[in-house]
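This report refers to the structure that appears directly beneath it.
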Amino acid sequence: MSAQASKKLLNVLKGNQEAVPPIWLMRQAGRYLPEYRALRAEKGGFLALAYDSDAATEITLQPIKRFGFDGAILFSDILVIPHTMGQDLWFETGEGPRLAPRLAESRLEEFVPAPERLAPVIDTVRKVSAALSAETTFLGFAGSPWTVATYMVHGQGSKDQAEARRMAHAEPERFAGLIEAIISATVDYLGNQIDAGVDAVQLFDSWAGSLSPAQFQKWVIAPNAEIVRRLKARNPNAVIIGFPKGAGGKLAAYAEGTGVDALGLDETVDPHWANRELPKGLPVQGNLDPLALIAGGQVLKEAADNILSAFADRPHIFNLGHGILPDTPIENVEMLLKLVRKG
Ligand code: CP3
């Protein structure tokens, strides 16, 4: 058997069913792991870790060594794209990311691009790719243009993405220019990740849920379709997971309109509904509530069983509906693996 054929997660992404669904967890490398917290304390902040390819390699591998997940996800962040486009990026302890100057008060044309900032991330991809076993699928990722734009405009996370939504309506041509610049940087970045060894990539659209249907078409479906088109032209074997968080009733339109190979579902989606409504045979990923993982016990068992039964007849990758939370007990992750792998 070739190395490719033994990667269960990649096999499902290509449209095949596995008797036992492969599993990985969004944000699986990070603060709930004591070995991550120890390395972070030693090396300084999060960004220092992400741009240190030896540290980032070790962190990418930590959850694989501990739990044996079927997929490893590159340790980086969606905000390295604004950083390489020339915005300053830092993380405020206990608060989250900051980008400056904000596009609400500045212009993209004033930024000085810094392409060298991504070099260590691509080095991490090479190192992880060399270290992973032949069974583990290696996932790269980037943020989707809309979600990345919300941070670039607001300069930080925001509750309802109001400033980006305002700009998208009031200055659609300027906003389209920003989206095009992000598309272009993202295709380069993901193409370089694939060239350096990732098996598939995920597009995180964490704030896709804040848009009206017409704006969703314009700023979520169209830009993601463009990334899929350009990336597959650059790397014909590219395998792409789209994760439009909060898309709800617009999920089928997203899947058909973008041409992604697989669809990530958040925890607000009823898996039985999704299985009925989504194109037959389309691989799906998800969608356990991260809070059910924290609860553990019978709550976790019932929630996991419900998802497994809903997707029993479709290519399915087990995952959370959103990132694992820092206060998740390690033993609940171990229990989930046993539930999905049936002991
Ligand atoms: O899944 C993984 O473990 C791989 C690495 C990864 C990180 N961020 C590392 C990280 C991935 C895939 C991301 C994606 C990401 N980053 C998204 C999209 C997915 C989602 O959760 O909605 C977004 C919106 C970001 C931006 C971001 N990065 C925020 C808002 C924050 C602060 C809040 C938080 O969750 O900590 C980060 C920091 C961040 N990115 C950490 C990690 C491990 C925490 C850093 C730390 O404090 O040690």
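Hey, any hits in the stretch 155-178 for a residue that's over 21 Å from Ala253 (Cα atoms), touching a strand residue (DSSP E or B) at 6+ places or on another chain (Cβ under 6 Å) and open to solvent by less than 10 Å² (accessible area, probe 1.4 Å)?
Yes, the conditions are met somewhere in the stretch 155-178.
Considering (1) hydrophobic (A, V, I, L, M, F, W, C); (2) part of a helix (DSSP H, G or I); (3) farther than 27 Å from Glu163 by Cα, say which one Phe69 fails and leave the rest.
The number of the failed condition is (2).
Identify the residue in the stretch 6-52 that is among the acidic types (Asp, Glu) and under 20 Å from Val121 (Cα atoms) and, among all such residues, is modelled with the lowest pLDDT.
Checking each candidate, the answer is Glu42.
Just checking, which of Ile317, Ile307 is among the β-branched types (Val, Ile, Thr) and within 16 Å of the ligand (Cβ to nearest atom)?
Numbers: Ile307 fails: within 16 Å of the ligand (Cβ to nearest atom).
Just a single option satisfies the conditions, and that option is Ile317.
Among the residues of the stretch 78-96 satisfying the criterion of being crowded, with 19+ Cβ neighbours inside 10 Å and near the ligand (Cβ under 9 Å from one of its atoms), which is nearest to Gly323 (Cα to Cα)?
Taking the candidates together, the pick is Ile78.
Out of everything in the stretch 14-62 that is among the β-branched types (Val, Ile, Thr) and more than 29 Å from Ala312 (Cβ to Cβ), what residue ends up being farthest from the ligand (Cβ to nearest atom)?
Thr57
Does Ser158 fit the bill of being closer than 24 Å to Gln28 by Cβ, within 12 Å of the ligand (Cβ to nearest atom) and hydroxyl-bearing (Ser, Thr, Tyr)?
Details: closer than 24 Å to Gln28 by Cβ: no; within 12 Å of the ligand (Cβ to nearest atom): yes; hydroxyl-bearing (Ser, Thr, Tyr): yes.
Here the answer is no, as Ser158 does not meet what is asked.
The values are calculated or read from the model by the stated rules, or taken from the named source; none is laboratory data. Keep in mind the model is a prediction, meaning the values are calculated, not measured. We place every Cβ from the backbone using ideal geometry, glycine too, and count neighbours over all the protein chains shown. Note: accessible area is taken over every heavy atom of the protein model, side chains too, but ligands, DNA and RNA are not part of it. Shrake-Rupley method; radii C 1.70, N 1.55, O 1.52, S 1.80 Å.
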